[in-house]
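For reference, the structure discussed in these notes is given below.
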Amino acid sequence: MQGGSSGIGYGLKYQARCISDVKADTDHTSFLTGTLSLKEENEVHLLRLSSGGTELICEGLFSHPNEIWDLSSCPFDQRIFSTVFSTGESYGAAIWQIPELYGQLNSPQLERIAALDAHVGKINCVLWWSSGRHDKLVSIDEENIFLWSLDCSNKNAQVQSKQSSGMLHYLSGGAWDPHDVNAVAATCESSVQFWDLRSMGKTNSIEHAHVRNVDYDTKKKHLLVTAADESGIHLWDLRMLKAPIQELPGHTHWTWAVCCNPEYDGFILSAGTDSTVNLWLVSTSNHDELPSESLVESPNQRANSLLNSYSDYEDSVYGLAWSSREPWIFASLSYDGRVRNHMLEK
Amino acid sequence: MSGDEVPLDEKARRMRDLLSSFYGPDPSMSPNPPSKFAPLDAINSNSFNADHYLNLLIHKSSLEGLLQRHVGMAAEIKNLDTDLQMLVYENYNKFISATDAIKRMNSNIMGMESNMEQLLEKIKTVQSRSDGVNTSLFEKREHIEKLHLTRNLLRKVQGKLFSDSESIQARAEAAMLLKQLDFPVDSLKEKLFEKLEQSLGDLQLKDEDISRCLLMSNDPSKLENHPESVAATVHEASVQEFVEAVRAYRVIFPDSDKQLIKLAQELVTKNFETGEQYGKKRIRAADLLAVLRMIWKEVLLMDEVLHESVLSEFSLEAVQITVKHHVASRFSHLLHDISDALTKVYVGQKEGMEEFPLQVALGASKKAVLQGSMDILLDFRQLLDDDLELLVKLRESILNWVQEGFQDFFRELHGRFLLLSGRNNSSGQVHGVVEGTQGDRILASLVLVLAQLSVFIEQTAIQRITEEIAASFAGGGIRLYENGPAFVPGEICRSFRSAGEKLLHHYINLRNQRISVLLRKRFTTPNWVKHKEPREVHMFVDLLLQELEAIKKEVKQVLPQGLLRRHQRNDSNGSTNSSRSNPLREGKLSRTNTQKARSQLLETHLAKLFKQKVEIFTKVECTQESVITTIVKFSLKSLQEFVRHQTFNRSGFQQIQLDIQYLRTPLKEAAEDEAAIDFLLDEVSVAAAERCLDPIPLEQPILDKLIQAKLTKSLSQSAVSS
């Protein structure tokens, strides 16, 4: 179970929280990551895995005006990505484009395509729809969900609709259902809320406290994975939200992030504040038939579902991303700014 | 005679007189001798004196009268003459006819004599004939009478045969009798058999029988006298009867063995079923033994009669099942007991009666496990040691079952533990941590008790049970050891060890959840960027310490103490400031003061490199110190994470600094791993500094002053409350 320290490392200059797979880059396995430093000049790094898979190469380094709290790459254009940033006192979100000739420039500037500037409070995340070209964006701040329509060529983003999450529901994050362009899951303090983007209304919710991170399975419809601080990882069937279909113990301290493999069924990554990344294998194939089994699941099975625990980190791991091009590779980012790439042993 | 008589009927009177004078004149009858003055009409009397009469008449009467008299007299005389003539005539006639009759009689009597003789002869022959007939019929009549008698007897017998009031035996005897008499009994056979079947119903062991039997056997005074015989007499008598009946039946109908065997088997089966049901109840093995013994006794009795019926083998199987079920049920009862003992954690806490509810619950459940297991073993030993033939044969199987039973029992117990902690967990989460605080606390303590109980089972109970099994239940047969012994203490120990760890983790988790809620509130509520200057230590510190205190109290009740290392630490660290970590912290902070922040991260990294890496997430041991230390570590880690998520202004940072500084002493006192606590507290400070726009710490004197103020305040508060 002790993690092989076979991972490839890359060090950022400052602390960092977020890393994203560049899905649109079909030629290389690339990741985007951004630093989190209150007082220094923050950077966005474009990393590429060398062809031999032995090295992480910094393909591009761009300065970013503020510390980056959230970063995600556009699923259909490798040069576009979104960030959520903070000056320390206020928050902002923007869509950026990597300049075309960045290889030749010394310190190229990112081109801001659009500012998602309708937010007031603390912004949590910007979501892209991962399953294809879609001209909409979702951004979530503490109290509202925004639906933006993005026009990249005209460098313009318009608020299409906006809805408040309701009194006393402070949102903390979310995920866009890859199977349904109109469904978004948003996490708040005491529950996970499901939103329909057409009506901008809540359709359903999971009453489960302190969900930190949420991810849809891209292969299996109706499967949602949540990570909560103390209570570990839960797998939910969206058609039966009363109880989770499976539970994983998660991490020794909090479970911070969770990530379903985009290709292989049942491979789930989780990152925790105990400075480890865990790889789980769950059998989700028979959940449709036997959803209640998980309640009486034997402890042995649970222990066995932990495939590997990668522990070559010095600090809490907040960032986690599978490569969609080579889905046996994932990148992780610990708070001390170190990126680690791991390859699954087959 | 007066003249009045004359008008009556003179003629008739005269005739009578005449006749009477003719047939026997009676002087007495004649009137008195006439006196001189005899009336004139006394002419008919004997003393009639014609002269006198005449004189008298002449004297008295006139001539005319005389003449008249004369005429009258002459007429009378004439009448008398005719009367006389008539009388003579008549008498003569009579005489003639009498003579004739006599003449005839004479002639008739002559032939009579010979006839009489003939008659006599005839009568004599008749008599002799009748005698002959009589003698010739005598024998036959006697025979008939005998037959009649028999018939009556048979009637009676038959009546007995079909009356339910008669005992089976009596009936069987009757049947036998009938048979001896060559009575056609085949038709009876069926009926008799039916009756036998019906009687089975009465014979079956009833709960009352059993309880009666047990009552007797439980009563030691009676036990001494007649172990079970007293108890079972009633039942035994009826069995005896049944056996006799069967025996009789068998004699009568030799070809009916099959049916009888079937019948007997049925009876035995039913009895064993009863026994089995009984064995499933919560009873001691001794009681079961008594019941089995009772059944076995009757089996033996029946076996005597029906040799071919293989009843003993049959009942061996049945006993096997019974004992097996009994063993199983004992284990399930034990499981139930333990669950009960555990759920008292809930009850005890809700009522809040006892001072140390957890300790009590733990003690009770420990006892339930150990004592229960020992009791079971003891009981089973009784089963083993008993000389009942049946059980002796089953020895090996029993050994096997007991071992298997323990294996299964612990496996189930393990599952039960996880269920108790897991089920409640999910439901607790549904309620939400905020509202379900009370339930949460209880759940947490239950989990803690379960954890310690698992350790106890792993370390003590299993060992004891293994020893016990080795002592009295070893040698479960060679056959068994080919597949390995059924009871594998190692496996159970392993599973309980992992369960204990898991439950302990679960407990820590539950506790941390509560602390996280506390911290989350603390960090999400204020606007840290616009924080005001710190005036005092924030009250969340008190809440945190309270929470820790509650945990300590719980843990102290349940978990054992670990190795004492605390004294050393107290000796070396009298002051609030850790000598080891402080320079580092001060150094870091002073340098951030100088705004050489660019090197800050690098420095942190370097510091980490040079400092011995502190293991935060060490393995939790099942001791008070270890658990508390772990919880403290976790909460500090959480604190760090919350801090990292905020951005502070200078005052916010200073507030954190103050709070952390205040926490340092009590946390180090509470926890064992001083270095790790220091490290984590520093980490929080560093995180706050990193997330601060203007990290200028409080001056040490101000810091000390504020802390001192807080200390005196909390001291006075505790004084007031106590």
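Between B:THR525 and B:THR269, 0.36 nm times their residue separation minus their Cα-Cα distance comes to what?
84.7 nm
Need one value: the accessible area of A:ASP151 in square angstrom, 1.4 angstrom probe, rounded to the nearest 10.
In the full protein context, A:ASP151 sits at about 60 Å².
Sorting check: for B:395-403, B:104-112, which peptide has the highest mean count of neighbouring beta carbons within 10 Å, and how do the rest follow?
So the order, starting with the most tightly packed, is B:395-403, B:104-112.
Between their Cα atoms, which of B:LYS552/B:LYS637; B:LYS556/B:LYS710; A:LYS221/A:LYS242; B:LYS502/B:LYS633; B:LYS532/B:LYS710; A:LYS202/A:LYS242 are more than 22 Å away from each other?
Going by Cα-Cα distance, B:LYS556/B:LYS710 fall outside the 22 Å limit.
Over the heavy atoms of B:PHE138, what accessible area does a 1.4 Å probe trace out, to the nearest 10 Å²?
Result for B:PHE138: roughly 100 Å² accessible.
How well do other chains shield peptide A:205-212, expressed as the mean number of their Cβ atoms within 10 Å of each residue Cβ?
The shielding value for this peptide is 3.
Output wanted: per-residue J couplings in Hz (rounded whole) for region B:619-633, from phi through Karplus 6.51 cos²θ - 1.76 cosθ + 1.60, θ = phi - 60°, x for Gly and Pro.
Each residue of region B:619-633 in turn: 5, 7, 9, 8, 10, 4, 5, 4, 5, 5, 4, 4, 5, 4, 4 Hz.
With a 1.4 Å probe and all protein chains kept in place, how do A:THR273, B:THR125, B:THR135 rank by accessible area, largest first?
Working: A:THR273 0, B:THR125 75, B:THR135 105 Å².
The residues order as B:THR135, B:THR125, A:THR273, largest area first.
To the nearest 100 Å², how much accessible surface do chains A and B hide from each other in total, with a 1.4 Å probe?
Details: alone 15130 and 41770 Å², together 53570 Å².
Chains A and B together bury approximately 3300 Å².
Residues of A:192-200, mean number of Cβ from any other protein chain within 10 Å of their own Cβ, rounded to a whole number? Present the calculation step by step, with values, prior to reporting the outcome.
Working: counts 0, 0, 0, 0, 0, 0, 0, 0, 0.
Partner Cβ neighbours, averaged per residue: 0.
Accessible area of A:SER190, 1.4 Å probe, to the nearest 10 Å²?
Number for this one is 60 Å².
Scan around A:LEU307 for amide H atoms under 5 Å from its own, H built in the peptide plane at 1.01 Å from N, and keep only partners 5 or more places away or cross-chain.
Those qualifying (amide H under 5 Å, at least 5 residues apart or on another chain) are A:LEU279, A:TRP280, A:LEU281.
On average, how many beta carbons from a partner chain sit within 10 Å of the beta carbon of a residue in A:228-235? The partial results should precede the final answer.
On the way: counts 2, 8, 13, 8, 1, 0, 2, 0.
Taking all residues of A:228-235 together, the mean is 4.
Determine the per residue accessible area of chain A with all protein chains present and a 1.4 angstrom probe, expressed in square angstrom.
39 Å²
If you plug each phi of region B:286-296 into the Karplus form 6.51 cos²θ - 1.76 cosθ + 1.60 with θ = phi - 60°, what whole-Hz ³J(HN,Hα) values come out, in order, with x for Gly and Pro?
4, 5, 4, 4, 4, 5, 4, 4, 4, 5, 4
Ordered by residue, what ³J(HN,Hα) values in Hz, to whole numbers, does region B:85-98 give under the Karplus form 6.51 cos²θ - 1.76 cosθ + 1.60, where θ = phi - 60° and Gly and Pro are x?
3, 4, 4, 4, 4, 4, 4, 5, 3, 5, 4, 4, 5, 5
Go through A:ILE233, A:ILE8 and list them by solvent-accessible area, largest first, probe radius 1.4 Å.
So the residues, ranked largest to smallest area, are A:ILE8, A:ILE233.
Provide B:MET374, B:MET539 ordered by accessible surface of protein heavy atoms (probe 1.4 Å), highest first.
B:MET539, B:MET374
A:SER50 to B:HIS645: FRET efficiency via 1/(1 + (r/R0)^6), r the Cβ-Cβ distance, R0 45 Å, to the nearest 0.05?
That gives a FRET efficiency of 0.85.
Over all directions, the average projected area of the alpha-carbon convex hull for region A:13-128 comes to how many nm²?
Mean orientational projected area (region A:13-128, Cα hull): 7.3 nm².
Counting only residues 5 or more places away or on other chains, whose amide H sits under 5 Å from the amide H of A:ILE68 once H atoms are built in the peptide plane?
When sequence neighbours closer than 5 places are left aside, the close amide H contacts are A:THR35, A:LEU36, A:SER37.
Okay, helix-only estimate at 222 nm for chain A: each DSSP H run of n ≥ 4 adds -39500 (n - 2.57), divide by all residues, round to 500 deg cm²/dmol; what do you get?
It lands at -500 deg cm²/dmol.
Which residues of region B:636-667 show a drop of at least 30 Å² in accessible area when all protein chains are present, compared with their chain alone (probe radius 1.4 Å, heavy atoms only, ligands and nucleic acids excluded)?
Buried-area filter returns B:LYS637, B:GLU641, B:ARG644, B:HIS645, B:THR647.
For region A:13-128, with all protein chains present and a 1.4 Å probe, just round the carbon and sulfur fraction of the accessible area to a whole percent.
44 percent
Sequence-distant or interchain residues sharing an amide H contact under 5 Å with A:LEU320, placed H: which?
Under 5 Å from the amide H of A:LEU320: A:ILE19, A:LEU333.
What's the FRET efficiency of B:SER114 with B:LEU80 using the Cβ-Cβ distance as r and R₀ = 51 Å, to the nearest 0.05? If you can, show how the numbers build up before the last one.
Working: r = 54 Å, r/R0 = 1.06.
Computed FRET efficiency for B:SER114 and B:LEU80: 0.40.
The values are calculated or read from the model by the stated rules, or taken from the named source; none is laboratory data. Everything quoted here is computed from the prediction, not taken from an experiment. Note that we place each Cβ from the backbone using ideal geometry, even for glycine, and neighbour counts take in every protein chain shown. Only protein heavy atoms, including side chains, enter the accessible area calculation; ligands, DNA and RNA are left aside. Shrake-Rupley method; radii C 1.70, N 1.55, O 1.52, S 1.80 Å.
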